[in-house]
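Would you mind keeping the following structure in view while I ask a few things?
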């Protein structure tokens, strides 16, 4: 089945689309007329997103498995024939323990999702974008303010997000020849299930616990859409979107 006429030329893959930022971005894009492939490990949350997002379909995907990623992008090619956007959003927070207590398996699990999964999806998107007609597309990586400054007990997560920044830069450079733009949005304290504990109090660098401000996840979705809809001649290379009063500037 090829629904290219329905897409109006705008096709997106959103990973981690079953909840939080991924779901919000998928709904925003769908409302703007994009056709969206929804990727995530759990089928049921993806189907809930699909029910809210016209022109979308769910593809259960574990981004750490190369075969799953290949199947995801093959499904997009079969259905729509092209790809205009990858929002690399799937992520894992990692263990909330002091550095000396981090188990290697836990470290590896975070890196597998946040870095290796992002690489696998970006590589598949890159291959598709460079071969399609018209050539090109856009990759947006979901970074974090942790790509600039860590929280306590976040070694695996912080390291993976710093590495993602390097991947973003490399993709931007290698993509020039094929009109593939790559940018990164570093997000701080969007109101999702993941940040719910911040509203009750979270550990600060000085050892105290404090309630932190959050912002609407809809503001994240609108920002991603703005990045996505820029012409390929323009790129928001790096952006930081954060709750205004969160302890990031001056953290520590």
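The values are calculated or read from the model by the stated rules, or taken from the named source; none is laboratory data. Here the structure is a predicted model, which means the values were calculated and not measured. Note that we place each Cβ from the backbone using ideal geometry, even for glycine, and neighbour counts take in every protein chain shown.
Return the residues of region 134-146 that are surrounded by fewer than 24 Cβ atoms within 10 Å (Cβ to Cβ) and modelled with pLDDT under 95; say none if nothing qualifies. Even if it seems obvious, please write down each step before you answer.
So the first thing to find is which residues in region 134-146 are surrounded by fewer than 24 Cβ atoms within 10 Å (Cβ to Cβ), and the list is 134-136, 145-146.
Within region 134-146, 145, 146 qualify.
Condition test on residue 67, is it out of contact with any helix residue (DSSP H, G or I) (no Cβ under 9 Å at 6 or more places or on another chain), under 24 Å from residue 181 (Cα atoms), without any contact (Cβ under 8 Å) to a residue 24 or more places away in the chain and surrounded by fewer than 17 Cβ atoms within 10 Å (Cβ to Cβ)? Before you say what the answer is, go through the steps one by one.
Values: out of contact with any helix residue (DSSP H, G or I) (no Cβ under 9 Å at 6 or more places or on another chain): yes; under 24 Å from residue 181 (Cα atoms): no; without any contact (Cβ under 8 Å) to a residue 24 or more places away in the chain: yes; surrounded by fewer than 17 Cβ atoms within 10 Å (Cβ to Cβ): yes.
Here the answer is no, as residue 67 does not meet what is asked.
List pairs: first in region 11-28 and on the phi > 0 side of the Ramachandran plot and in contact (Cβ under 8 Å) with a residue 60 or more places away in the chain, second assigned to a loop (DSSP other than H, G, I, E, B) and buried (at least 24 other Cβ atoms within 10 Å of the Cβ), Cβ under 8 Å, 6+ apart or cross-chain?
Close Cβ pairs satisfying both conditions: 16/89; 16/90; 16/91.
Return the total of residues in region 78-102 being buried (at least 16 other Cβ atoms within 10 Å of the Cβ) and without any contact (Cβ under 8 Å) to a residue 60 or more places away in the chain. First the steps, then the outcome.
At the first step, the residues of region 78-102 found to be buried (at least 16 other Cβ atoms within 10 Å of the Cβ) are 79-80, 82-92, 94-95, 102.
If we keep only those that are without any contact (Cβ under 8 Å) to a residue 60 or more places away in the chain too, we end up with 102.
The number of residues fulfilling the criteria is 1.
Residue 225 is checked against (1) in contact (Cβ under 8 Å) with a residue 40 or more places away in the chain; (2) farther than 16 Å from residue 147 by Cβ; (3) in contact with a strand residue (DSSP E or B) (Cβ under 9 Å, 6 or more places away or on another chain); (4) assigned to a helix (DSSP H, G or I) and fails just one. What number does that condition carry?
Every condition holds for residue 225 apart from (3).
What tally of residues in region 124-139 results from selecting those that are over 17 Å from residue 170 (Cα atoms) and assigned to a strand (DSSP E or B)? Before the answer, list the steps.
Applying the first criterion (over 17 Å from residue 170 (Cα atoms)) to region 124-139 yields 128, 131-135.
Now restrict to residues that are assigned to a strand (DSSP E or B): none.
Total satisfying the criteria: 0.
Filter region 203-222 down to residues that are in a strand (DSSP E or B) and free of Cβ contacts under 8 Å to residues at least 40 places away in the same chain and give me whichever is nearest to residue 29 (Cα to Cα).
Here is the first cut: in region 203-222, the ones in a strand (DSSP E or B) are 203, 209-210, 215.
Within this subset, residues satisfying the condition of being free of Cβ contacts under 8 Å to residues at least 40 places away in the same chain are 209-210, 215.
Values: 209: 37, 210: 34, 215: 19 Å.
So the residue we want is 215.
Here's a follow-up. Condition test on residue 114, is it at pLDDT 95 or above, surrounded by 24 or more Cβ atoms within 10 Å (Cβ to Cβ) and more than 28 Å from residue 33 (Cβ to Cβ)?
Values: at pLDDT 95 or above: yes; surrounded by 24 or more Cβ atoms within 10 Å (Cβ to Cβ): yes; more than 28 Å from residue 33 (Cβ to Cβ): yes.
Criteria met by residue 114.
Sticking with this one: If you check 175, 183, 166, which single one turns out to be under 27 Å from residue 232 (Cα atoms), within 17 Å of the chain's Cα centre (by Cα) and in a helix (DSSP H, G or I)? So that I can check it myself, show each step before the final result.
Values: 175 fails: within 17 Å of the chain's Cα centre (by Cα); 183 fails: in a helix (DSSP H, G or I).
Testing whether each residue is under 27 Å from residue 232 (Cα atoms), within 17 Å of the chain's Cα centre (by Cα) and in a helix (DSSP H, G or I) leaves just 166.
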